[in-house]
Structure formats: C-alpha cells, structure tokens
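Accompanying notes for the structure given below.
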Amino acid sequence: MKKGLMKNLQCKVLTIRNFIKASFLAVGMLLMIPSLMAQYEQTKSIDESFSISPGALIKINHQKGELRIKRTTGKKVVARLDATVRGKRESDVNEFISKMELSQKEEGGNFILVSNSSMKNWSIINGKSRLTLNTGEEFRGIKEMEMDLEISIPDGVNLEVSNKYDDISIEEIKANVKVKNYNGNVYTDNVDGDFFLDLKYGKAKIGNVRDAEFILYESVLNMGNASDIKLDTKYSKHVFGKVKSVDIKSYEGTFEIGKVDKDIIIDDKYSDWNIGKFNDGKIKGYESEWTIGKANNISLNSKYGDFNIGAANKLDFGKSYEDDVELGKVDILIFDNSKYTDVNIGQLVKGIHIRDDYNGDFTVNGISSDFEGAEITGKNSDVDLPLENIKYILEVDAKNADVSVDEDNLEAGFFSERGSQLTIKGKMNNANDNSPKVVIKGYNIDVDLD
C-alpha cells in the first residue's frame, strides 16, 4: 500500500513539474511574439511645384493611397506626397522610402505626374513580401504602404487622373476632367467643365458638371445636374438630378432620374427605371421595369417589360412582346407589332392604333371629347374601347369576331354576318361625314365599343 501511494505521489509531482514547465514555455512564447511581429515605420513628405502652359493636359497616375485634387489661384501645379512605409526590416524600410519620388515629364506641352514611378512590382505571397524597383533593386519584408497625394491645379486646364484601391476627391475646380478608378470611390464638388468617369467596384458622388460621360461596372453613382450625359453601365445604381439629355446603354441596373429637359436614348436589359419627366425618348428594353412621370413622344421596342407612365402625348411601340403597360393619360397610342401585350389606359385623348396584334388585351377606361379615331387589326385580341358617348364612323371587316355596339345607334349603315365573316359600315351616335373613324380588322377578335 505504501509503495503504491509513493508511486502515485511521484506521478503527481511529475505532472505538476510538466505543467509548470509548459507554463513557462507559453509565457516565453508570448514574450517573443512582439519581437516576431515587430514592424518598423517610416514617413516621408515630398513637396514639388511645376510650371504648366494654360489649357495643357495634366495627367496624374497614382495608387496605394488617396488622391486629392484642389484648386489654386496661381499658375503652377503644386503637389504634395505624404508616404508611410511599414516593414519587418528597418534598413529596407528606410532605404525604400528614401527612393520614393514624384516623377514628372512633359510631352508636347502636356504634363504627366506619376507617384513612386520607381516601383516596378510588389507582391506578398504566404506572408512573404518582395518589392522590386525599375533598377532591379529588391526589398523584402515591406508589409504596408500608404501614399496620399494632393495636387493643386490652376483654372482652365485639362485634368486626367487615375487611382487603384483608394479614393479620388476633387474640390470645386474649373477644368475638363477625366477620372479612372478601380476598387475605390470618387467624390467631387461642382466641376466647371466636361466630366468623364470610368469606375469599377466603387461609389461616386459627383456635383454639377457640364457634359458628362460614364463607364460603370458594379458601382454606385449619385450626381447633381449636368448638360448631356452618355452612360455605359453594368450592375450599377444611378441617381441623377436635372439633365438636358441622356444616352444610356445599361445592363441590370437601377436608375433615378429627376428631369430631362430634352431627349433620352436608352438601350437596356434587366434594369429598373424611375424617370420624372423628359421631352422625346427612344427606348429599347428587355425585361425592364419603367416608371415615367410625363413625356412628350416616346418610341419603344420592348420584350417582357413593365411600364407605368403617368402622361404622354404620343406613345409608339414599334415592337412589343409580352409587355405590361399602365398609362394614366395618353393622346395617341400606337402598337405596330405586338404579341401577348396587356395595356390599361386611364384616359385616351385622341386615338389608338393597334396595327398588328396577336393575343393582346387592351382596355381603355375613358375617352376624351377630342377623340380622332382608332384602327384595330389583330388576331385573338381583346379590346375595350368605350365610345358610347362619342360620334364616330364604324368600319368592321373581320372573321370570327365579336364586336359589341348598340345597333339602335347605328345609322345609314350596313350590317352583315355571313358564316364567320362580319361586316359593318355605318355611323354611330348621330355621327356625320367629318366624324372620326374606327376601323376593325382581323381574326377571332373581341372588341367592346359600348
């Protein structure tokens, strides 16, 4: 019994000793971690100024930090680069940051500024960093780099700037501006000049500009007022203020446009649109949703579209396939070629022209006293056109048709139904020779005129 007890005591002592040993080892490891993770940091600021000719192009290429553009009342370009470098080796950090520079060159009177142009390549693989300069020099252990560049420009120049992985901000300036950014944001105050933006994976908030052109991919654009806008966009969101005209090619986006003074041209797939007002428009849509407040003339070609339009003077569908159309008020409605289209109209002012329809459904809820006539040609079509209080001349030439009228109000007319052929010619509701004409042709159509 005593030997067994002593054995157990020895085992417990060994276990305690191992625990104490492991604890000291763990503490030692913790004490070593700061030294293993130690990083050296060095900062540097570079100030330069350059003379430039009036109206020249200033081209700025930047990356690894924020790019800020400001306005100066002077005649020179003023630049400041604030750099911070962090790494494992103090000597490499110090030597590398000492070689940082702002390089500039002139080409035909134009000015090109590049931040840290001496750097050729920088990669971090499995935690190991390798940075190479154009001279062939290599630096290892450079972990982080930040370069914030601020440029002040005079009025009346042309500005072209680019950045990657960080923001571009532009204060109120007088210049024509081109901006390119990748995986960074763009912010501008009002720009007194034309504006161009090429943006991927970023957000842009733009003030008022003159003419503007945008190339966007998976981005968000929010801008103020502009003159003419041209836009090529995919997978993006857009908000515009007041503009003069727009020319947009889009794919799977969302749009908020307040007012367009003149015209719109839109070629779209899979997008949602909300437009307050415009003059004339040419719209091509595929599986798009449209909310439009008011327009003058709209020409459309659409498939699988959803339209909600408050008011339009003339709405002309060149082609329509399986569209759903809600109209508050329209003067003239035209469908040249439609299939499986569903249309509901609050008030029709002047006329409706359905020229080649297949399996469509058209409902008019109210007719103005300014009604000028209708033409309906279709197959398997349903049309509800309440003309009981309108004077009009009726002409029907259709097969397997059901045209509902009050025959008591048909005067000086001809009514014939032979087999499947229906022919009606006459005047309705005390019409005269100058009354508007309603012409119905087709096969297997159902038209309710009561």
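The values are calculated or read from the model by the stated rules, or taken from the named source; none is laboratory data. Since the structure is predicted, the reported quantities are computational estimates derived from the model, not experimental observations. Please note: Cβ atoms are built from the backbone with ideal geometry, for glycine as well, and neighbour counts cover all protein chains shown. Side chains included, ligands, DNA and RNA excluded: accessible areas come from the protein's heavy atoms. Shrake-Rupley method; radii C 1.70, N 1.55, O 1.52, S 1.80 Å.
Assorted remarks:
- Pairs of alpha carbons in the stretch 65-209 whose separation is greater than 28 Å (percent): 27
- Projected area averaged over orientations for the stretch 148-237, convex hull of C-alpha atoms, nm²: 5.0
- For the stretch 275-353, Kirkwood radius (reciprocal of mean inverse C-alpha pair distance, Å): 12.0
- Share of alpha-carbon pairs per 10 Å distance bin for the chain, given as whole %: 4, 16, 17, 14, 12, 10, 9, 8, 6, 3, 2, 1, 0, 0
- Average accessible surface for the chain: 53 Å² per residue, computed with a 1.4 Å probe over protein heavy atoms with every protein chain in place.
- Annotation: aspartates and glutamates with alpha-carbon distance below 19 angstrom to Lys262 (same-chain offsets under eight excluded): Asp194, Asp211, Glu213, Asp228, Asp247, Asp280, Asp316.
- Positive-end residue, the stretch 236-351 charge dipole about Cα centroid, Cβ charges, pick of Gln347, Gly241, Gly253: Gly241
- For the stretch 224-236, Karplus couplings with θ = phi - 60° (6.51, -1.76, 1.60), whole Hz, Gly/Pro x: x, 9, 8, 8, 9, 10, 10, 9, 10, 9, 9, 6, 10
- Nearest-0.05 FRET efficiency for Asp324 and Glu138, computed from C-beta distance (R0 51 Å): 0.20
- Computed from the alpha carbon positions, the gyration tensor of the stretch 75-148 leads to an equivalent ellipsoid with semi-axes of 27, 13, 10 Å, biggest first.
- Violating pairs (Cα-Cα greater than 32 angstrom) within the set Lys70/Lys259; Lys174/Lys242; Lys205/Lys350: Lys205/Lys350
- Cα centroid separation, the stretch 254-327 to the stretch 91-135: 50 Å.
- With every protein chain in place, the chain: carbon and sulfur % of accessible area (1.4 Å): 45
- Spin-label pair Lys441/Asp82, simplified geometry with 7 Å Cα→Cβ offset, distance in nm: 7.6
- ³J(HN,Hα), Karplus 6.51/-1.76/1.60, whole Hz, each residue of the stretch 390-398, x for Gly, Pro: 10, 7, 7, 9, 10, 10, 10, 9, 8
- Across the chain, C-alpha contacts under 8 Å between residues 6 or more apart give a mean separation that, scaled by the residue count, equals a relative contact order of 7 percent.
- Contour minus Cα-Cα distance for Asp406 and Ser98 (0.36 nm per residue): 101.3 nm
- Too-long pairs where the Cα-Cα distance tops 22 Å, listed order kept, from Lys269/Lys339; Lys128/Lys200; Lys391/Lys441; Lys234/Lys303: Lys128/Lys200
- Across the stretch 324-450, C-alpha contacts under 8 Å between residues 6 or more apart give a mean separation that, scaled by the residue count, equals a relative contact order of 25 percent.
- A simple rule links phi to the HN-Hα coupling: the Karplus curve 6.51 cos²θ - 1.76 cosθ + 1.60 with θ = phi - 60°, which for the stretch 138-154 gives 10, 10, 10, x, 6, 9, 9, 8, 10, 9, 9, 10, 10, 10, 10, 10, x Hz, with x for Gly and Pro.
- Summary of packing: across the peptides 83-95, 340-352, the per-residue average of other C-beta atoms within 10 Å ranks them, highest first, as 340-352, 83-95.
- Residues with amide H under 5 Å from that of Gly285, placed H, sequence gap 5 or more: Asp268, Asn301, Ser302, Lys303
- Inter-part distance where the stretch 179-226 and the stretch 381-450 are each reduced to a Cα centre, Å: 57
- The sum of -39500 (n - 2.57) across all DSSP H runs of n ≥ 4, divided by the residue count of the chain, sets its helix-only mean residue ellipticity at 222 nm to -3500 deg cm²/dmol.
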